[in-house]
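Encoded as structure tokens, the structure appears first; notes follow it.
The values are calculated or read from the model by the stated rules, or taken from the named source; none is laboratory data. This is a predicted model, so every value here is computed, not measured. Cβ placement follows ideal geometry from the backbone for every residue including glycine, while neighbour counts extend to all protein chains displayed.
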Ligand code: C2O
């Protein structure tokens, strides 16, 4: 195995889009940041030097949370002028992932794709494509992102939404001043292409489609899936999807487009990003055709699409679904009124799990755990809500009171965990993409309405459920995931809509060390930033 080294210099650079220029936090002056290419089994060393303020996250690291990246969870932020090397072995994942800054909303501009090639000599379990393209979906804001965040977090009201969606940082020609900010994929008729699609948007789940061409989904979140053909995909922030596309149409120019999946559609759809799928030899003067995208609020497309995702589950790539459960967790997702009596007098809107809104600590939780520093967090996060209620029914104000705290769950090493995430109607039902650090999990079931512990588990897919690291909890519904807690450390779990994360929709799992010396958290690297 090789050592792959990257240097990331975090610096300000003027970036202009939609006729607006603004100072932007970039990696090596690039927006979006560079793609990381690595092979399964390699050791990856990313030296990050901060000229602004930065933290980074992207892959799962066995026993090595120090390289995970979320600020105040596994490390303190890298101070201005300092460097830190994210040094870890790439194991157990192959496909597309993404890396991003993990402090406040800095990931708005500091992100990029990670391409993990399978081990040397191991072919893809699908036809070898002629060429690959990275397709990283994002958002562009004309105004300064940090200002918008402060507004959002302080008032508990949604900040102004972004001004455009982007594909590889480019909004595409439907926007003003954007002709040259258009991503183009040049293709040849009869050839097959692998699109590595990443959703790096801050606050939107996205539909993505390509005019005139079907896509075959072959992998999500760096795990192979049973291939299936679709006209459009749904992808949430934090998720990745690899699709094969055959350039089988009459040579021409075709738009690829991304636009949000929203519970309440925008009155005017003015945020759709486009890229161009361009057959070789076709002049740029040919006007491309737009793809058919699902309606903005097409939740039945979303539900059906997610149901089609299944693990490949072959002897070579088995789905090791936990068949028994040692620990059952049931977390409600809701919005509520802050009832921390000393700080905000119950006036601020917060987001919570089991009515607990997460308070960021002052030092990294992993440091506190490893060095046994007391008073940083409590391990009393409840396994289920204190009083069950009709989660998706009419909300009761009694359920709105929310506690604020740095409370996490302690999990026994190697135990099997089932977590049911239940959306609630506290203030409003909404869909939430949940991301767990340090693990992949199996999505064994999902449904609309209240989870029924007597009936729903009998319908679980325990054979070939999709394995991933981010899953959408449907609007007014639930999702059940299972994983084996075989990675010791402190692992963040949060809604990947940055607005909701900022309101406290997050917690962490402290997975204890195992009995063997190769089942414990590794010692921290020498250059680990401290607070
Ligand atoms: Cu993609 Cu905690 O993040």
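Structure summary
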read-out	value
One residue from 322, 237, 318 being in a loop (DSSP other than H, G, I, E, B), free of Cβ contacts under 8 Å to residues at least 24 places away in the same chain, touching a strand residue (DSSP E or B) at 6+ places or on another chain (Cβ under 9 Å) and under 25 Å from residue 419 (Cβ atoms)	318
Pairs, first under 18 Å from residue 523 (Cα atoms) in region 83-103, second within 15 Å of the ligand (Cβ to nearest atom), C-beta under 6 Å, six or more apart	86/67; 88/61; 88/67
Tally of residues being at pLDDT 70 or above and over 19 Å from the mean Cα position of the chain (by Cα) across region 146-166	7
Search result, residues across region 293-311 that are farther than 10 Å from residue 466 by Cβ and either in contact with a strand residue (DSSP E or B) (Cβ under 9 Å, 6 or more places away or on another chain) or touching a residue at least 24 places away in the same chain (Cβ under 8 Å) (or both)	293, 294, 295, 296, 297, 298, 299, 301, 302, 303, 305
Among residues of region 484-520, those that are assigned to a strand (DSSP E or B), more than 16 Å from the chain's Cα centre (by Cα) and surrounded by fewer than 24 Cβ atoms within 10 Å (Cβ to Cβ), counted	2
Residues satisfying the stated conditions in region 421-430, i.e. surrounded by fewer than 22 Cβ atoms within 10 Å (Cβ to Cβ) and either closer than 14 Å to residue 505 by Cβ or touching a strand residue (DSSP E or B) at 6+ places or on another chain (Cβ under 6 Å) (or both)	427, 428, 429
Extreme residue, farthest from the chain's Cα centre (by Cα), among residues of region 86-125 that are buried (at least 18 other Cβ atoms within 10 Å of the Cβ), assigned to a loop (DSSP other than H, G, I, E, B) and more than 16 Å from the ligand (Cβ to nearest atom)	90
Unmet requirement for residue 69, which otherwise passes all of (1) in contact (Cβ under 8 Å) with a residue 40 or more places away in the chain; (2) outside any strand (DSSP E or B); (3) surrounded by 19 or more Cβ atoms within 10 Å (Cβ to Cβ)	(1)
Listing of strands (runs of 3 or more DSSP E) fully contained in region 360-441 that carry 3 or more residues being within 26 Å of residue 205 (Cα to Cα)	416-423, 432-436
Per-region count, region 126-145, residues assigned to a loop (DSSP other than H, G, I, E, B), modelled with pLDDT of 95 or more and surrounded by fewer than 16 Cβ atoms within 10 Å (Cβ to Cβ)	3
Test: residue in region 451-467 that is within 14 Å of the ligand (Cβ to nearest atom) and surrounded by fewer than 23 Cβ atoms within 10 Å (Cβ to Cβ)	no
